[in-house]
Amino acid sequence: MFRRFIKNKTAVGTVALVLIIAILGILAPVIAPNDPYKTDIINKFASFSWQYPFGTDNLGRCILSRMLYGIRPTLGLAVLTMLGTIGLGALMGLLAGYFRGIIEEVIMRVVDVMLSFPSQVMVFAVVALLGINVQNVILANVFIKWAWYARMIRTGVMQYRERNFIQFSRCVGTPERFILIRHLIPSIAADLAVLSSLDVGWAIINISTLSFLGLGVQAPTPEWGAMLNEAKNVLTSNPTQMIIPGIAIVILVSAFNLMGDALRDVLDPKEVAE
Amino acid sequence: MKQYVIKRILTAIPLIIVISFVCFVFINLIPSNPAEVALRVRQVPIITEEAIAEVEAELGLDKPYFIRYITWLFDCLHGDFGISYVNPSRTVAGELARCLPATLQLAGASLVMVILLSIPIGFLCAVYKDGIFDKVMRGLVFITTAMPPYWVGLLLMWLVAIKLDLLPTSGNGSWQHLILPAFTVSLSYISTYIRLIRNNMLENMKQDYVLYANVRGLPQKQILIKHILKNSMHTCIVAIGMSIPQLISGTIVVENVFAWPGLGTLCISSIFNRDYPVIQTYVLLIGVLFVVFNLLFDILQTISDPRMRKEGM
Amino acid sequence: MKKNVGKIILASALCLSLLVGCGSSNSGSSSSVSASGSETAETSETTETKDDLVFVNYRDIRDLNPHLYAGEMYAQEMIFETLVNITEDGYEGCLAESWDISEDGKIYTFHIRPNVTFSDGEVCDAYAIKANFDAIIENKERHTWLEMMNLLVGVSAPDENTFVIELSEPYYPLLTELGVTRPFAMISPAAMKDGSTKDGVNAYIGTGSYVLKDFVTDEYAVFVANENYWGEQPAIKEITVKVIPDNQTRILALEKGEIDFIFGKNMIDADAINQYQDSEDFTVALSDPTSTRQIVLNTTNSILSDKTVRQALQHATNKQAISDGIFYGLEQPAETLFAETVPYCDIGLEPYEYSAEQAAQMLEEAGWTKGSDGILTKDGQRMSLELLYNSDSVTEKSIAEYLQSEYGLLGIELTIHGEEEQSYRDRMKAGDFDMVFNICWGTPYDPQSSLAAMRAPVYGDYAAQQGLEDKSEIDEAITNILVSTDEAERQELYTFVLTRLHEDAVYIPLTYECNKAIYRSDMKGFHFTQTQYEVPFEDLSF
């Protein structure tokens, strides 16, 4: 599998790009030319210069530094959301798919209800209920997305549980918990990897949308969606403010989308042959 | 088949009840005491413990949970969703009724754009597979799926309305106001459906009946339009139909960018103002719409395609 | 089977087209208003003078009941009138032609202007005015911010031309309180609900120069000239007020000719004003300072209850930078709660100079030391404060972010939080804040009404001052000011109150706010009035 991965240029390229962006975010304090919170109010809306490579914003803060620091909330929160989603979804899916019976019935009915709500509206409802704040945004996103994973994993589990090797471990008396961890999880990991890398892109857009509307990451934390919110206020007088954060989001989300497609090719050779 | 339809409708009813219950619980989870809020709404200057107790009795807040739910549900069925916390002179039903037409208008226009753009483009992409048009379109589709809708809105507003001065920037009034927001809403759906139609047509092209038609020597044009497109459209119409409620809820963000006076703008400002009855009713409305549209198009799909009946449930 | 499918698809397509058709016909009907508006605008430019105007506001007119506070003031000013008007030179008769004040200053007798009718035909005589006062007094608790409500003995209408107000004490700002937009504006008794207005009114019927013709909530309101107006007919016959919540959108609308005129203190940001300073098509107007933009510190907060901390924050605030950087110098930095030009307020208070070093030193004296994360701590408590701002205001967020960064350098963790106007006011009233943006009321309310209101839980000031040791002393002095008859004594009391508030450092004055307007250069007659919320529509023409 690793060889197929190395051969697939898109897979390597996108993974490398995402890693570079992540590293830039982690190293932001070292490489950022300025303090992202330092205001220089007399110098607001400055254009490109050596001191401020991408210019300054409405309070005279360095846009490049804010972009670099902004990787942390933008990418970090999306990844965190996906970890939470997969964790909860996998737990519920495995429980339902493995134990069957009443547990399955209850979980799957809850999943049905969750899937019958339009996700966008649910995010807003959860944020409205819990209050405007970053943790709640993550909770809201996990809350609306886990059901998809639960359903997918349950289906996966059901397919695999009838396979011979699982039947066999049962016969030789391996404990149920062990069967779950040892056999089931690896067998559905491939599907998970593909779906979740596609969904990171979704999470990035979703979280930045909330920040853009003022319901997510709050000022002065530099987050790309929140930066676009500020850019919107000066759309007529300083339209260039909205260019850089927007392009950055498109690049990052595209990288994840391409990565998802590429991983599918790598992990599922049948598709490639087609 | 009748049986299936009835069964499907019957499964939708408990779903709607659960949704309504979730909405009811939702408003009862908010941190502030509804009685206290009611007093503030009535502009009572000094709120005392006795006044709160009095209002609690008046609003029936001292009754058991389940009874309150039934009463609430009953009121909802009569179209009484309570009053807005922020503007006590307005009812929630009135607020929604005021904003709904604008949102339907936007969602309707977006739907038309989705259909008018995605079907021909998807068709051409499939016919000229791997040609220049197909490649360019696939590139565009790929980029647009990675663009956050609010950013698309800002770009369009800046380019079309400010720079080129072709259309109004925001608000509503004439049909020109509708174009930019509707296009922004439809963009992500257009790319989804271009892909869907393209793949569906390619799939259909491999089917046996196409081979037979070719063997029979029917003109290519006729095969493409009369058989392949028609067969592919069928799945797409169902998919588009099911996404109507999503389209309606998807207007939230775009409405806010373009100051479109619809449900989305109402919803966001209600969140900021913590106007819970409005949010609650909005969620209830969209939830019910979702179930109803799913039901409608699911039945439609089953009726039109007997093969699906067994898989469907 | 196959046929069925076709039918169903057809039916669903029909449904869709109906849905869409429904939508488009809607847009057709709603567009007619704006379309006809722009049409007349175009034709008038070539043929006759334009007599309609498109104005803009950031929110709906809401409930215009003149006896309550939930409506937009500019609209209330257009429709309703009061007994007297406040002008630059003092008071001027409006619904009362003239008035007499008794020797002891307790009885005011108003001579009501004859032959004035409400726009529904009802006569506006002393009896109608009495009916209005009765309705206002019925809801007395809501109006206690007006000291006259507490001093009122009774009102009477001995005949149709005479209206009498009797007070228990002489009260010098009475005419001002009667002259402000609300609550003493007159609505037709026929529009009241059983003679009462506290639970709403049936229609917005006044005696003013305009009447409300039509409105669509959150979209627009149309006012037309009142044909039966007792005074001079205005040149502008029809005014459409569009609702545009967003600052950028308003400016774009002006630029594109969709609106003619933007007016207000928080309706235009400094960047836009700067942009239009040299424009030929549009004229920018700035009024004299109307009020003070300030931050109120909640003295009941455990951190802010320390006077030294409050004073340190005063020194930490660079008003000059806010004035230059955010307002391009359009709003001058403020040094005291009320500008020296406000009556009784030129008392030579010593301003808190900006000095970050001094602020740091004072905080250290107060026992705050920097922790490992760079935030000041004292007895295990972090110096973390929340600054609440009104998200409908175009500049408060920028100032908040600026202060956040500046205070951060001193080790003060400032979180900022924006709420929409209504919840912002609710939280302020409830005292649910650490620091909050506020604006003193401005002319003609300053200083008497602003100070009087500090004594009751109606605005944020009351809650914010609860932690002051000398709060009761200050309140008592304010009460004495209002009933004092001796000018020297009054000045002395004002000096006492203002000095105390200044030294207690409850308010961080930022800038002197002014009214701003941008309008089409062919619009004539624009000026600012004494009442800062009033738009001088009567005097405008093209």
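Only the coordinates and a few stated rules stand behind these numbers; no lab work does. Treat the numbers as computed from the prediction; the structure is a model and nothing was measured. Cβ: placed from backbone, ideal geometry, glycine included. Neighbour counts: every protein chain shown.
So what does the Cα-only Debye profile of the range C:420-479 read at q = 0.29 Å⁻¹, as log10 I(q)/I(0), no solvent term?
-1.26
Given chain C, what percent of its DSSP beta bridges are antiparallel, to the nearest 5?
Of those bridges, close to 80 percent are antiparallel.
From Cα pairs below 8 angstrom and at least 6 apart in sequence, can you work out the relative contact order of the range B:101-262, rounded to a whole percent?
Dividing the mean separation by the residue count of the range B:101-262 yields 39 percent.
Post the alpha-carbon centroid distance, the range A:188-207 to the range A:227-262, in whole angstrom.
20
Taking amide H positions as placed 1.01 Å from N in the peptide plane, with prolines and chain starts having none, which residues 5 or more places from residue C:112, or on another chain, fall under 5 Å of its amide H?
C:97, C:162, C:163
Sticking to Cα atoms, compute the Rg of chain B to one decimal and its Dmax as the biggest Cα-Cα distance, whole number, in Å.
Both quantities, over Cα of chain B: 24.6, 88 Å.
Please order C:485, C:283 by the number of other Cβ within 10 Å, starting at the fewest.
C:485, C:283
Any idea how far the Cα center of the range C:152-212 sits from the one of the range C:449-464, in Å?
If you average the Cα positions of each part, the centres end up 24 Å apart.
For the range B:144-151, just list the computed ³J(HN,Hα) in residue order, Karplus coefficients 6.51, -1.76 and 1.60, θ = phi - 60°, integers in Hz, with x standing in for Gly and Pro.
5, 5, 8, 8, x, x, 5, 6
Could the peptides C:181-187, B:283-289, C:228-234, C:99-105 be put in order, highest first, of the mean number of other beta-carbon atoms found within 10 Å of their residues? Spell out each step's value before the answer.
Details: C:181-187: 24.4, B:283-289: 21.9, C:228-234: 15.1, C:99-105: 12.4.
The packing order, highest mean first, is C:181-187, B:283-289, C:228-234, C:99-105.
Using a 10 angstrom cutoff on alpha carbons, build the Gaussian network for chain A and name the most mobile of A:144, A:20, A:107.
A:20
By counting other Cβ atoms within 10 Å of each Cβ, how are B:125, A:171 ranked from fewest to most? Walk me through the numbers before you get to the answer.
Values: B:125 25, A:171 8.
The order, fewest Cβ neighbours first, is A:171, B:125.
Hey, got the average number of other protein chain Cβ atoms within 10 angstrom for residues in C:395-402? Please report the intermediate quantities before stating the final value.
Numbers: counts 0, 0, 6, 8, 2, 2, 10, 7.
That average works out to 4.
What list do you get for B:58, C:492 if you sort them by fewest beta carbons within 10 Å?
On the way: B:58 11, C:492 17.
So the residues, fewest neighbours to most, are B:58, C:492.
In bins 10 Å wide, starting from 0, what share of all Cα pairs of the range B:101-262 does each bin hold, as a percent?
It works out to 11, 34, 30, 17, 7, 2, in whole percents.
Given C:193/C:265; A:9/B:135; C:193/C:213; C:265/C:429; C:50/C:213, which pairs have Cα atoms separated by over 28 Å?
Working: C:193/C:265 35 Å; A:9/B:135 19 Å; C:193/C:213 21 Å; C:265/C:429 22 Å; C:50/C:213 19 Å.
Checking Cα-Cα distances, C:193/C:265 exceed 28 Å.
To check you understand DSSP bridge types, tell me what percent of the beta bridges within the range C:201-309 (both residues inside) are antiparallel, rounded to 5.
If I count the DSSP bridges inside the range C:201-309, around 100 percent turn out antiparallel.
At a Cα cut-off below 15 Å, give the aspartates and glutamates reachable from residue B:2, other chains included and same-chain residues fewer than 8 away excluded.
B:298, B:305
Which one, B:34, B:120, B:64, has the greatest fluctuation when you compute a Gaussian network model over chain B with C-alpha springs under 10 angstrom?
B:64
Rounded to whole Å and sorted largest first, list the principal axis extents of the Cα atoms in chain C.
Principal-axis extents of chain C (Cα, largest first): 82, 79, 55 Å.
What ³J(HN,Hα) values, in whole Hz, does the Karplus curve 6.51 cos²θ - 1.76 cosθ + 1.60 give for the range A:119-130 when θ = phi - 60°, with x put for Gly and Pro?
Ordered by residue, 3J(HN,Hα) equals 4, 3, 5, 5, 4, 5, 5, 5, 5, 4, 6, 7 Hz.
Percent of Cα-Cα pairs per 20 Å bin, from 0 to the last occupied bin, for the protein assembly as shown, please list those.
The calculated distribution, bin by bin, is 10, 37, 35, 14, 3, 0.
Taking Cα atoms, how many degrees apart are the long axis of helix B:175-205 and the longest axis of chain B, rounded to 10 and kept between 0 and 90?
So the inclination is approximately 50 degrees.
Please give every one of the aspartates and glutamates within straight-line cross-link reach of residue C:370, meaning a C-alpha to C-alpha distance under 16 Å, and leave out same-chain neighbours fewer than 8 residues apart.
C:357, C:379, C:406, C:413
With the contact rule set at Cα under 8 Å and sequence spacing of 6 or more, what percent relative contact order holds for chain C?
Computed over chain C, the figure is 19 percent.
Just in the range A:33-105: which trypsin sites (Lys or Arg not before Pro) are loop by DSSP and have at most 16 other Cβ atoms within 10 Å?
Answer in residue order: A:38, A:100.
Which entries of A:145/A:232; C:237/C:516; B:129/B:221 show an alpha-carbon separation above 22 angstrom in the structure shown? Don't jump to the answer; show the numbers that get you there.
On the way: A:145/A:232 29 Å; C:237/C:516 24 Å; B:129/B:221 16 Å.
Table pairs above 22 Å Cα-Cα are A:145/A:232; C:237/C:516.
Less than 28 Å apart at the alpha-carbon level, and either on another chain or at least 8 residues along: which lysines does that give for residue C:106?
Counting by Cα, and skipping residues close in sequence, residue C:106 has these lysines nearby: C:130, C:140, C:198.
Pull up the DSSP beta bridges for the protein assembly as shown and report the antiparallel fraction as a percent, rounded to 5.
80
Taking each residue in A:208-217, count the Cβ atoms of any other chain within 10 Å of its Cβ, then average. What number comes out?
Mean partner-chain Cβ count within 10 Å for A:208-217: 4.
Across peptide C:246-255, how many C-beta atoms of other chains are within 10 Å of each residue C-beta, on average?
6
Using a Gaussian network model on chain B with a 10 Å cutoff between Cα atoms, which of B:82, B:131, B:94 fluctuates the most?
Highest fluctuation of the listed residues: B:131.
Whole number please: convex hull volume per residue, Cα atoms of the range B:70-197, in Å³. Don't skip to the end; give the middle numbers.
Details: hull volume 21.2 nm³, N = 128.
Spread over its residues, the Cα hull of the range B:70-197 gives 166 Å³ apiece.
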